[in-house]
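**Student:** Could you have a look at this structure, given as structure tokens, before my questions?
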Amino acid sequence: MISLILAAGKGTRMKSEKPKVLHEVNGMPMLKRVVKVLENSGIEKNLFILGHKKEVVLEAMGDVMYVEQKEQLGTGHAVLIAKEKLGNLKEDVLITCGDTPLLKSETFNKMKKIFEEKNLDCIVLSCKVKNPFGYGRIIKENGNIVDIVEEKEATDEQRKIDEINTGVYIFKNEKLLEAVEKINNNNSKGEYYLTDVIKILSGEGQKVESFQIEDEDEVLGVNSKVQLAQANRILRERKNVELMDNGVILLDPATTYIEENVEIGEDTVIYPNVTIQGNTKIGKNCEILGNTRIENSVIGDNVRIEASVVEQSTLEDGVTVGPFAHLRPKANLKLNAHVGNFVEIKNATLEEGVKAGHLTYIGDAQVGERTNIGAGTITCNYDGKNKHKTKIGKDSFIGSNSIIVAPVEIGEKSFTAAGSVITENIPDETLAFGRAKQINKEGWNK
Ligand code: UD1
Ligand code: CA
């Protein structure tokens, strides 16, 4: 089976520069999500109908098979245009839209099963909804689908029908292509409605059935920013439930924002107002406290992070971070390292047991085991043109307010005096002063 994904429309109601199908739902463009769900149900060959801002869509989607629909004359027209490619293929065709990102792979699987077992020519995915406004209505005779009528074409009586067309269908390839030739645009929008093929096929006595799903949330089409927010909420809820089913503790799911690809271990506690994004992996028994954002990072077990930002970083078991720390890309915190209040780390490794508790910047650096970084320490890694490295050995003690001008190396078991500006290397087991000697002028007040 192949899929035909309709994504040429302008998405006028979104009021956006961005093509509608590239708007993100829980961290993933809608169109990518649709492809992922299809893939999970075993459909890997996709044909896209692209039109509006097709270059932008292609840039996001990469090398995909597509047909260009220059003028968007309707969903039926879109399929007609796909004929040049579909005509050469024998596979059954599952049609879906780029703007219905909540459908589940289980639903596609069930539909495929019925289609194949009953050897149907067409199956339509339908759903009963509380508010059917705007959707095509399923028209049945003797319990079987015979037509789909669009909102604008429907009679008052038909508008009362609450079973709607989700916009997902499976067709036998040649049946679809024959029927789509027969669609016209004699309707109030002057569009070629794909939905008209149902009446055509059923009128010819072909085997057409509908399959009704229960969960109204699945069929939500995203046509506006309000619906985008609804889709985001539903996907977040689904992700939260999946995590809790796997043993994660969410103190307040309603204010927990965890994206699709995130993995979290058992008994880790997520406090309110936490955002976890990208391909982040978090181990067991961690505590992620309020106002933390973690992105594309790998975090071990028993880690505690409070009110901090962690980006593209690696934190080993037992690490503690925050409150108010910023771990920028390539911060690498080894076993039990501690980074505290108002500390920024970038492209730096803090070996096992290193502590940087307060008001510090460490960039482009390597800090050896158990070394203590005093409050206010700054690595001056940038000379205005180039970045330079700082190396600090193990078991050293960097005095408060040390300014370490890179490139520079500090040995093992060494000290810098508080307030020092360090511009030269320090050997092992050495105390370095790099500050003016204090002078007391007695009686000066007089
Ligand atoms: C469509 C269905 C409606 C169904 C609803 C489900 C038709 C005529 N109506 O209505 O029965 O209840 O979806 O969400 O099919 N597109 C193209 N080319 C075009 C027109 C549209 O590629 O010329 C694409 C759009 O980008 C979109 C999809 O087709 O991804 C659906 O189009 P849209 O205009 O949103 O249709 P609806 O009015 O929602
Ligand atoms: Ca739509």
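Please treat every number below as a calculation from the coordinates, not as lab data. Every value quoted in this text rests on a predicted model; they were computed, and no experiment measured them. Note that each Cβ is placed from the backbone with ideal geometry, even for glycine, and that neighbours are counted across all protein chains shown.
**Student:** Have a look at 129, 226, 79 and tell me which one the Gaussian network model of the chain (Cα, springs below 10 Å) gives the largest fluctuation.
**Tutor:** 226
**Student:** I'd like the projected area of the stretch 225-432, averaged over all directions, using the convex hull of its alpha carbons. Report it in nm² with one decimal.
**Tutor:** With every direction weighted equally, the projected area is 11.6 nm².
**Student:** Along each principal axis of its Cα atoms, how long is the chain end to end? Whole angstroms, biggest number first, please.
**Tutor:** Cα extents, longest axis first: 107, 48, 43 Å.
**Student:** Using the Cα centre as the reference, give the magnitude of the dipole from point charges on the C-beta atoms of the stretch 225-432 (Lys, Arg: +1; Asp, Glu: -1; all else neutral), rounded to the nearest 20 debye.
**Tutor:** Magnitude of the dipole: close to 620 debye.
**Student:** How high is the relative contact order of the chain? Use alpha-carbon pairs under 8 Å, at least six apart in sequence, and give a whole percent. Don't jump to the answer; show the numbers that get you there.
**Tutor:** Details: 1135 pairs, mean separation 35.5, N = 446.
Rounded, it is 8 percent for the chain.
**Student:** Right, here's the next one. Compute the Kirkwood hydrodynamic radius of the stretch 1-153, taking the inverse of the mean of 1/r over all pairs of distinct Cα atoms, and give it in Å to one decimal.
**Tutor:** 16.7 Å
**Student:** What is the helix-to-structure angle for 225-245, meaning the angle in degrees between its Cα long axis and the longest Cα principal axis of the chain, kept from 0 to 90 and rounded to the nearest 10?
**Tutor:** Approximately 70 degrees, to the nearest ten.
**Student:** Give the distance, in whole Å, between the Cα centre of the stretch 417-443 and the Cα centre of the stretch 7-25.
**Tutor:** 61 Å
**Student:** Could you tally the net charge around residue 91, taking each other residue with its Cβ under 10 Å from the Cβ of residue 91, Lys/Arg +1 and Asp/Glu -1?
**Tutor:** Overall, the nearby charge balance is +2.
**Student:** Of all GluC sites (Glu not before Pro) in the stretch 360-446, which ones are in loop regions per DSSP and have a Cβ with at most 10 other Cβ atoms within 10 Å? Mind showing how you got there, number by number?
**Tutor:** On the way: sites: 369, 409, 412, 424, 429, 442; in loops: 369, 412, 424, 429, 442.
Answer by residue number: 424, 442.
**Student:** Under 8 Å for C-alpha pairs, at least 6 residues apart: give me the relative contact order for the stretch 2-219, rounded to a whole percent.
**Tutor:** Values: 403 pairs, mean separation 52.1, N = 218.
Relative contact order for the stretch 2-219 comes out at 24 percent.
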